[in-house]
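Reading through the structure tokens given below for one structure.
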Amino acid sequence: MDFPNILQIEPTNTCNFSCIMCMRNFWDANLGFMDVDLYKKIINEASDNAKRVVLYGMGEPLHHPGFIEMVRLAREKLNQESEIFFSTNGSLLKPNIADKLVINIGVDSISVSVDTSGFAK
């Protein structure tokens, strides 16, 4: 079976902010965290073809309690040339977390959204 070379995986659709302009306020979806076993299955099956893994969607990825483990699994399974990227609101990206993700594990790029005015829950 062929797999795409770019994977976008949403670790969670939950967030630690409640921004008035966020579309999460306007849809009726169950909130939760991706099961780590399901994530492992996806990474294991797609790792040979994946050139880029994007770990975010409508939620704050760092809100997922297993996010660092998810990134570590991706780096272990992917080719070293493959890129790992995620976007965050930045509020949970403390120096020790950033060091683990970038220096120790090898995240290639992080974008920080500045859409919020600090409507933390």
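Some observations on this one:
- So Leu92, is it touching an Asp or Glu at 6+ places or on another chain (Cβ under 9 Å) and not β-branched (Val, Ile, Thr): yes
- Filtering segment 56-82 to residues that are surrounded by fewer than 22 Cβ atoms within 10 Å (Cβ to Cβ) and β-branched (Val, Ile, Thr) leaves only Ile68.
- Condition met for Leu92 (closer than 17 Å to Val112 by Cβ, in contact with a strand residue (DSSP E or B) (Cβ under 8 Å, 6 or more places away or on another chain) and in contact (Cβ under 8 Å) with a residue 12 or more places away in the chain): no
- Taking (1) loosely packed, with under 11 Cβ neighbours inside 10 Å; (2) at pLDDT 95 or above in turn, Asp115 satisfies each apart from (2).
- Candidate set from segment 30-47 (those that are touching a residue at least 24 places away in the same chain (Cβ under 8 Å) and either out of contact with any helix residue (DSSP H, G or I) (no Cβ under 9 Å at 6 or more places or on another chain) or hydroxyl-bearing (Ser, Thr, Tyr) (or both)); member that is farthest from Ala98 (Cα to Cα): Glu45
The values are calculated or read from the model by the stated rules, or taken from the named source; none is laboratory data. Being a predicted model, the structure only gives us computed values, none of them experimental. Note that each Cβ is placed from the backbone with ideal geometry, even for glycine, and that neighbours are counted across all protein chains shown.
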